[in-house]
Amino acid sequence: LMGKNVNEAKKICEEAGLKLVVDDEVEDETKKPGTIISQSPSSGTMGSPDKTIRVIITKDVEYIELKNYVGQNYEIVQQRLLKLELEVNIKFEESRKPDGEIIKHTPEAGEQVKRGDVVTLYVSMPQEEEFIEVPNLIGKTYSEAKAILQSEKLKVGASIGKDNPKSYDIVIEQSIPAGSKVAENCAISLTFENDEPIEDEEE
């Protein structure tokens with residue numbers, strides 16, 4: 001049934017005395033909606049006792065029209081884009097605009113993007129400041145990452161994945177890559193996974 005339209009496949013199954021069940025629908029812009037891309041049991045193998053063939057089919061790719069984020073704070077916009085399942089790339093540029101304000105972004109406002117696409121935000125960085133190199137926080141606990149940032153005169157930004165991270169939660173991603181140059185008091189957003197401690201820890 002691979003590559004066939006689900007309606008065509010249902011007729012084939014009915015004629016063979018089989019039942020077709022759609023387990024899932026996934027986005028795939030390379031194939032027409034309703035195309036079967038996976039089946040179980042596979043062709044040539046023994047069928048299931050209940051004469052059921054389970055399939056996964058394609059569906060229409062959902063596109064999102066980007067809004068105009070110029071002039072907004074990059075951390076707030078970053079959170080909105082992440083919730084839309086878009087990837088966000090941050091690039092800092094010296095500017096007379098307020099620190100952290102979005103100067104421009106690509107794709108631009110009004111353009112269509114789909115889940116997983118990358119949106120690059122160009123963010124204002126004050127001029128004539130002493131820039132700080134962002135440390136590597138991946139693999140650190142929340143308490144360790146916070147202490148490192150404070151020692152470098154940087155701040156912890158929004159938490160991604162956890163609204164209230166515990167001191168033992170592990171950083172798996174940081175909004176600004178290690179080695180980047182940023183201004184003092186720049187906020188670094190952290191993405192966490194939970195690693196339960198051996199013993200309870202007081203907050």
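The values are calculated or read from the model by the stated rules, or taken from the named source; none is laboratory data. Please read these numbers as outputs of a predicted model, since none were measured by experiment. Quick reminder, even Gly has a Cβ in these numbers, built from the backbone with ideal geometry, and neighbours come from all protein chains shown. Calculation scope for accessible area: heavy atoms of the full protein, side chains included, ligands and nucleic acids excluded. Shrake-Rupley method; radii C 1.70, N 1.55, O 1.52, S 1.80 Å.
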Of all residues making up region 1-21, the number that are part of a loop (DSSP other than H, G, I, E, B) and open to solvent by 90 Å² or more (accessible area, probe 1.4 Å): 1
Selection from region 154-172 of residues that are part of a strand (DSSP E or B), within 11 Å of PHE192 (Cβ to Cβ) and either in contact with a Gly (Cβ under 9 Å, 6 or more places away or on another chain) or open to solvent by 80 Å² or more (accessible area, probe 1.4 Å) (or both): ILE170, VAL171, ILE172
Options THR106, THR141; residue that is among the hydroxyl-bearing types (Ser, Thr, Tyr) and under 19 Å from THR191 (Cβ atoms): THR141
Criterion violated by LEU81 - all others in (1) surrounded by 19 or more Cβ atoms within 10 Å (Cβ to Cβ); (2) at positive phi satisfied: (2)
Residue count, region 89-129 (criterion: of a type in the set (S, T, N, Q) and free of Cβ contacts under 8 Å to residues at least 24 places away in the same chain): 1
Count of residues meeting criterion [outside any strand (DSSP E or B), farther than 28 Å from ASP169 by Cβ, in contact with a strand residue (DSSP E or B) (Cβ under 8 Å, 6 or more places away or on another chain) and of a type outside the set (A, V, I, L, M, F, W, C)] in region 118-153: 2
All positions within region 65-78 that are open to solvent by less than 70 Å² (accessible area, probe 1.4 Å), under 14 Å from VAL113 (Cβ atoms) and not aromatic (Phe, Trp, Tyr): LEU66, VAL77
Residue ID - modelled with the highest pLDDT, chosen from residues in region 22-47 that are open to solvent by less than 70 Å² (accessible area, probe 1.4 Å) and over 30 Å from the mean Cα position of the chain (by Cα): PRO41
Meets criteria (modelled with pLDDT of 95 or more, touching an Asp or Glu at 6+ places or on another chain (Cβ under 9 Å) and not β-branched (Val, Ile, Thr)) for PRO126: no
